[in-house]
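This report concerns only the one structure given below.
The values are calculated or read from the model by the stated rules, or taken from the named source; none is laboratory data. All values derive from a computational prediction rather than experimental measurement. So basically every Cβ, Gly included, is an ideal-geometry build from the backbone, and we count neighbours across all protein chains shown. Surface areas here come from the heavy atoms of the whole protein model, side chains and all, with no ligands, DNA or RNA. Shrake-Rupley method; radii C 1.70, N 1.55, O 1.52, S 1.80 Å.
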Amino acid sequence: LVEKFYDYVKINNELRDLDLKKNLELKTELCDKAEQLINETNVVQAFRKLQKYHEEWRELGPVPKELREEIWNRFKLATSNINKRQQDHFEGLKEDQKHNLDLKTAICEKAEVIASSEGDDRDWNALSKEMENLQAEWKGIGFASKKDNQRIYDRFRAACDKFYNAKRDYYSNFKKVMQDNLDKKLALCEQAEALRDSQDWKKTTDQLIGLQKKWKEIGPVARKQSDAVWKRFRAACDQFFENKSK
């Protein structure tokens, strides 16, 4: 029984030595993998892999006592390097996001100046081109931080909406004004045509001159109709003055 007992002790020690050796091999392999992560281009992916290696490390048993501290320090050093790399990455990311926010804030300020411009003499085509350039510039800038990104986008969108709504309202009103001007000029054409065959030379001359003054006071009409309505009015006046000359 004593011999059998010591046989069990011997077997147990041998198995424990094998187990310690196997654990050392596996932990060495994890150290190799962790050290290779420093070359991983994707920092976030490297950090995730490192967490997986830590889970595997915790599931492994002990290594020989004399190597325990050495192997752990090796793994810890690799971990520190990856953690620092990730920290540097996110610090750089924060700086980039802050820079992007500054750039987008400047664009918002420019867009708000354009959107707030007033006056009927505004060059809508030039302003539209400026706004389009700002939108293209915006698309070329990366994201701001998560807490700022939606807010700064909403600010820029509000400035764009304000500008394009004002532009739409201007052209809608402009078309109405142009139509009113056309109606007024057509009415003058009808009055001039009613007078073109008159032989009351003095009175009709004064009336036509009065119509011509009114014509000049009326604003522009649409370009496609401007020439035709002017020729119609001019023809009626010319016919009377030719008759008068004869």
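Taking the condition open to solvent by 60 Å² or more (accessible area, probe 1.4 Å), under 30 Å from residue 171 (Cα atoms) and assigned to a helix (DSSP H, G or I), does residue 190 pass? Here the answer is yes, as residue 190 does meet what is asked. Cβ-Cβ distances below 6 Å connect no pair with a first residue in region 6-28 that is within 22 Å of residue 52 (Cα to Cα), a second residue that is open to solvent by 90 Å² or more (accessible area, probe 1.4 Å) and at pLDDT 90 or above, and a separation of six or more residues or different chains. Within the option set 46, 106, 34, 111, being of a type in the set (A, V, I, L, M), in contact with a Ser or Thr (Cβ under 8 Å, 6 or more places away or on another chain) and either in a helix (DSSP H, G or I) or at pLDDT 90 or above (or both) holds for one residue only, 34. Just for region 66-91: of the residues that are within 16 Å of residue 21 (Cα to Cα) and not basic (Lys, Arg), which one is least open to solvent (accessible area, probe 1.4 Å)? In this case the residue turns out to be 71.
Within region 67-79, residues that are in contact (Cβ under 8 Å) with a residue 24 or more places away in the chain and within 12 Å of residue 34 (Cα to Cα) have Cβ atoms under 8 Å from residues that are among the aliphatic types (A, V, I, L, M) and loosely packed, with under 15 Cβ neighbours inside 10 Å in these pairs: 78/38, counting only partners at least 6 apart in sequence or on another chain. When the residues of region 46-65 are filtered to those that are within 12 Å of residue 21 (Cα to Cα) and free of Cβ contacts under 8 Å to residues at least 40 places away in the same chain, the one that is least open to solvent (accessible area, probe 1.4 Å) is 60. Residues in region 207-214: is at least one open to solvent by 80 Å² or more (accessible area, probe 1.4 Å), closer than 15 Å to residue 234 by Cα and assigned to a loop (DSSP other than H, G, I, E, B)? Looking for residues that are open to solvent by 80 Å² or more (accessible area, probe 1.4 Å), closer than 15 Å to residue 234 by Cα and assigned to a loop (DSSP other than H, G, I, E, B), one finds none in region 207-214, hence no. Considering region 215-229, the residues that are in a helix (DSSP H, G or I) and in contact (Cβ under 8 Å) with a residue 24 or more places away in the chain include one that is farthest from residue 194 (Cα to Cα), namely 225. Would you confirm whether or not region 126-143 contains a residue that is aliphatic (A, V, I, L, M), assigned to a helix (DSSP H, G or I), open to solvent by 60 Å² or more (accessible area, probe 1.4 Å) and modelled with pLDDT under 90? No: region 126-143 contains no residue that is aliphatic (A, V, I, L, M), assigned to a helix (DSSP H, G or I), open to solvent by 60 Å² or more (accessible area, probe 1.4 Å) and modelled with pLDDT under 90. With respect to the conditions (1) loosely packed, with under 14 Cβ neighbours inside 10 Å; (2) within 30 Å of residue 112 (Cβ to Cβ), residue 183 falls short on a single one, namely (2).
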